[in-house]
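Read the structure below first, then the notes.
No lab work stands behind these numbers, since they all come straight from the coordinates. Fair warning: this is a prediction, and the values are worked out from it, not measured in the lab. Neighbour counts are summed over all protein chains in view; Cβ atoms, including those assigned to glycine, are modelled from backbone coordinates with ideal geometry.
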Amino acid sequence: MQAIIKAKKRSLSQHAQKAGLLASVAFIAVLGTGLPMIAHAQTTVSQTISFNIRAQNLGSALAGFADRAGLKLLMRSDMVSGKTSPAVQGMMTREQALGRLLSGSGLNYSIQGTTLTIHDPAGSAQSVVAPDGTVTLNTITVTNGGSIAAAEAPYHTAAPTSYISEQTIERFRGASPADIFRGTPGVMSGEARNGAGAIDVNIRGMQGMGRVATTIDGAENAINVYQGYQGISNRTFVDPDFLGGIDIQKGSDAASSGIAGTVAMRTIEAGDIVKEGNRFGLRVKGGFGTNSSKPEEGNVAGYEIINSGYPGDLQPEFDHLYVPSVKSSDDTMNRPAFLKPTNGSGSIVAAMQDENIELLAGYAYRERGNYHAGKNGPAAGIANLGGMSVCSFLCNLPNPEYRWYPQYIENTGLANYRPGEQVLNTQMATKSLLLKGKVMFGDGHSVQLGYTGFESKAGTFKANALSTLGQQARQQRLTTDIEAHTGTFKYRWDPEENDLINLKANLWGTKLKQRNPVDWLPADAPVDFKSGPDLWTWGGDISNRSQFTTAYGDFDMTYGASYKEEDTKPTEGTRKWDTFLDLRDGTRKEAAAYIKTAYKPVDWLTVNGGLRYSHMWSRDRSRTKYVHPDMVYGKARFKQGGFSPSLGVTIEPFEGAQFYTNYSSTLRAPSIMEAVSAFNMTVNEDAKAERSNNWEIGANFIQDDLITGTDRAMLKLGYFNWDVKDYIAREFHRYANSANVRIFNIDRARFSGLEMSANYALGGFEATLAANYYLNVEFCRTAETCENKSLYADYATNHVPPKYGIDLTLTQKLLDDALTVGGRISYTASRASGHGDVTGQGMSQFITMINWQPYTLVDVFAEYKINDTYTASVRVENLTDRFYVDPLSLAQQPGPGRTFYASLTANF
């Protein structure tokens, strides 16, 4: 009788899961049922495969098996800890190979569709997995299964996480690294087109100033770039050719300094290059793209409009003397043919891997000219508005001055670029070098050394030079140059028979140089002089994870400490020649310690708690010439710190379902950008740290056999509500005899919304849907003045995300999985909030709000695996040749039009 009751409960839970998931994936299933090739794409049970798996630890052997058999691997790392596998070589079915690998291990397996799950009959049946480096709030362990298993980890994680796999990066990498975040709900990158090939991550409307902790192999290389009166860019530099995956945590975590989230980018490892069973591996990749032209100094884009008017008290008979003019050039309308190669890239990576040593070396180069905008959409045009009176001076004062224009012509469209026109100063050339060495010895000890070098020469300009429709872009002679060198040291100790020790220690340092063209130079300055800062950043952290079981439940504890120091200063040449701009000169240090615990008293309940203490010190060394009554330059000091607690509860009422609620209250002290003076921006020593009070409510569902006997559906739903007290902003501040901008605290900023991710897989067909919707974005200058508007002088003016976005990705495998075709449709809505009114009399908008209109982009791709060595791929981005302006831009500049890419990858 008890067995019957259990069976009935299990049946009811399965029906509940199916009911909860069926509505979200029904539309995908309809698409899937219309694809006759699905059945032919599946690997039959009786098919034999050639295996060459050496004797090694069981986890790595299973990961190699799954990769060879084309399966997704799910398992808990504690199941295989301390276990080894025999060598498996020869032609056999996957069941025969699995039987040999698992012989003597006490483990079982199940294969449902394309997913292999490893079970421990003596332990919990629940399988959870997370990618290496992910910051999570509950107990999730890692396998060495690569990016395929990692892509499913967010659906097992009781927190708002996302993962971007190496495969997704390659298929939808876009025209710049910023494009790789498209399709991730709640996450975007700013300055995608004028960022010199950098990323500037925005999570749920919060961006810059260290709010999003962005790392590459645990190290930072971020720099702030002055953009005139349009604010700043917050740039991190990475080469997508070397990325092995990106883990994203939205919201704060006790182990991270990111108040809005963490973006942890992982570069490729030797295991990503060396084929299973081999010691050495080599990957060579080359490709070309289209839709770009060679930059020509002095070229001018769009329309130049000169309106001619006179004081309103003159007589109408003078109208014929005031005729407007419109000028344009044909030099930028030379868009090449769709399939004509105009840019290229190449990379080579060599690696060696054996039982105790891993080595990797890689080099990548890419070069592109100015891309061309799309032809379809709100491109530049001209409109004659007829006779009208227009304010010409003192427009914000009680008695403004007006002029009469017999004919008034103005630009129309989103940006001053014509359909298909060459978008000036978007050229880019980059070189990247990646070196890694790892030694494994003793009882779970390992040491890894790494180096990443990045150099770029990119067309760019201060964003305030193209912030309105009336401004024309002009091709600059000089580029912006970046040189970044990062070194990393990692120590790991994870003894096989001791669950109380999983020690990680990291030390890293980055030297970054940026050199920008100068707008105004003294007559005796070098003709090719470029100004810029030198930035030195280094840090270290140590942590340990302990897992143990008591009579009162299971405990999973992680605790550690970290330290980071930043030092930025202008070059001596900048101080001498760039007299208009005095860059920041100062230091910032931050130390932190934390502990977080997951307590599981029963199988269906997990309670998470965390506590972080952080403290920041900064020093302003500025020598700027501007002096104001409330600020003495070179004397500013910040010393701020405090606790950041967090608490969460996860309920798992039946297998495949999670419901969670998380709360955190997180502190962010002023960044080096906010704590050090520059140009005419003063530091306000009264500025307080931000405190973000965050609520997350979400649910995860995973269901096999939802519609057929071999499919899998996954769904992640979430609601967030962030209340950032004492939000650090910037304002236009008037003194007795002068005016300036300064850092200050507003009462708060609020962000709330909904997010969804869904995935459906059936044989060789897969569909992924991502969507987010903002319920509220508001800024409160005081407790009584909350508005759905950003402040007119604050950097956040162009950090406000779209109201909502939807991305649908479809892929289909054909020809026995040798061919994969697919595409993505992305819809971007209008801005989620407006822009505040001008508060300084006589001042125009200090930061211009960059306008965009809703748009839809379509990207398609095809990959063909010629044999075990060669893979060819093609993709078309912006298939409909849409003219659009990206959200989160600082310049009124369009994105690239229809572009064709082709590449060939050889793996030896």
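Some points to look at:
- Dipole magnitude (debye, nearest 20) for region 279-374, charges at Cβ of Lys, Arg, Asp, Glu: 780 debye
- Counting charges near G231 (Lys, Arg +1; Asp, Glu -1) among other residues having Cβ under 9 Å from its Cβ returns a value of 0.
- Cross-link partners of K340 among lysines (Cα-Cα below 17 Å; sequence separation of 8 or more within a chain): K294
- Applying a DSSP loop filter and a limit of 16 other Cβ atoms within 10 Å to the GluC sites (Glu not before Pro) in region 684-753 leaves E685.
- Selection of chymotrypsin sites (Phe, Trp or Tyr not before Pro), region 333-409, meeting DSSP coil and at most 15 other Cβ within 10 Å: F338
- Top positive-direction residue, dipole computed over region 386-512 with Cβ charges, set H445, F489, G420: G420
- Order of S257, S165, S329 under a 10 Å beta carbon neighbour criterion, fewest first: S329, S165, S257
- A straight Cα-to-Cα reach below 17 Å connects K569 with the aspartates and glutamates D481, E483, D534, D578, D582, D585, D620, E674, residues fewer than 8 places away in its own chain not being considered.
- Our estimate of slack between S105 and L754, defined as 0.36 nm per intervening residue step minus the Cα-Cα distance, is 229.3 nm.
- Extension gain for W536-F548 works out to 0.2 nm (0.36 nm per residue, less the C-alpha to C-alpha distance).
- When each of K462/K589; K250/K813; K589/K688; K250/K438 is checked by Cα-Cα distance, pairs over 21 Å: K462/K589; K250/K813; K250/K438
- Inter-label distance, nm, simple model (7 Å from Cα along the C-beta direction), W604/F338: 5.7 nm
- Calculated FRET efficiency, R492 to A383, Cβ-Cβ distance, R0 = 45 Å: about 0.10 to the nearest 0.05.
- Note on D330 and F555: with the Förster distance fixed at 60 Å, the Cβ-Cβ geometry gives a FRET efficiency of about 0.25.
- Listed options for volume of the Cα convex hull per residue in Å³ are (i) 173; (ii) 189; (iii) 255. The value calculated from this structure is the one marked (i).
- With contacts taken as Cα pairs under 8 Å and at least 6 residues apart, the chain reaches a relative contact order of 12 percent.
- Label sites at A699 and I357, each approximated as a point 7 angstrom past Cα along Cα to Cβ, lie 5.4 nm apart.
- The antiparallel fraction among DSSP beta bridges confined to the chain stands at about 95%.
- Ordered by the number of other Cβ atoms lying within 10 Å of each residue's own Cβ, fewest first, M440, M209 fall into the sequence M440, M209.
- Formal net charge of residues neighbouring R418 (Cβ-Cβ distance under 14 Å; K, R +1; D, E -1): -2
- Shown here for region 260-350: GluC sites (Glu not before Pro) in loop regions (DSSP other than H, G, I, E, B) with at most 16 other Cβ atoms within 10 Å, namely E296, E297.
- Adding -39500 (n - 2.57) for every DSSP H run of four residues or longer, then dividing by how many residues the chain holds, sets the calculated 222 nm ellipticity at -2500 deg cm²/dmol.
- Of the DSSP H helices in the chain, those that are both long (alpha-carbon extent of 18 Å or more along the helix axis) and hydrophobic (Kyte-Doolittle mean at least -0.5) are 2-33.
- Taking a ≥ b ≥ c as the square roots of the eigenvalues of the Cα gyration tensor, an a/c ratio of 1.5 or more together with a/b larger than b/c marks region 335-455 as prolate.
- Selection from V284, G344, P295 lying farthest towards where the dipole of region 249-354 points positive, charges on Cβ: V284
- All aspartates and glutamates inside 12 Å of K576 as judged from Cα atoms, apart from same-chain residues fewer than 8 positions distant: D524
- About its Cα centre, region 640-742 has a charge dipole of approximately 600 debye under the convention of +1 per Lys or Arg Cβ and -1 per Asp or Glu Cβ, with nothing else charged.
- For S830, the residues whose amide H sits under 5 Å from its own are K803, Y804, ignoring neighbours fewer than 5 places away on the same chain, with H placed 1.01 Å from N.
- Theoretical gain in end-to-end length, N867 to C391 [0.36 nm per residue, Cα-Cα removed]: 164.5 nm
- Charge dipole (the chain, unit charges on Cβ, about Cα centre) - positive-most of Q407, I164, G560: G560
- Projected label points at Y402 and A906, each 7 Å from Cα along the beta carbon direction, are separated by 7.3 nanometres.
- Only Lys, Arg (+1) and Asp, Glu (-1) charged, at Cβ; the chain dipole about Cα centre in debye: 320 debye
- Using the Cβ-Cβ distance between S308 and V821 with R0 = 56 Å, the FRET efficiency computed as 1/(1 + (r/R0)^6) comes to roughly 0.50.
- Taking other C-beta atoms within 10 Å as the exposure proxy, I180, I246, I697 rank I697, I180, I246 from fewest upward.
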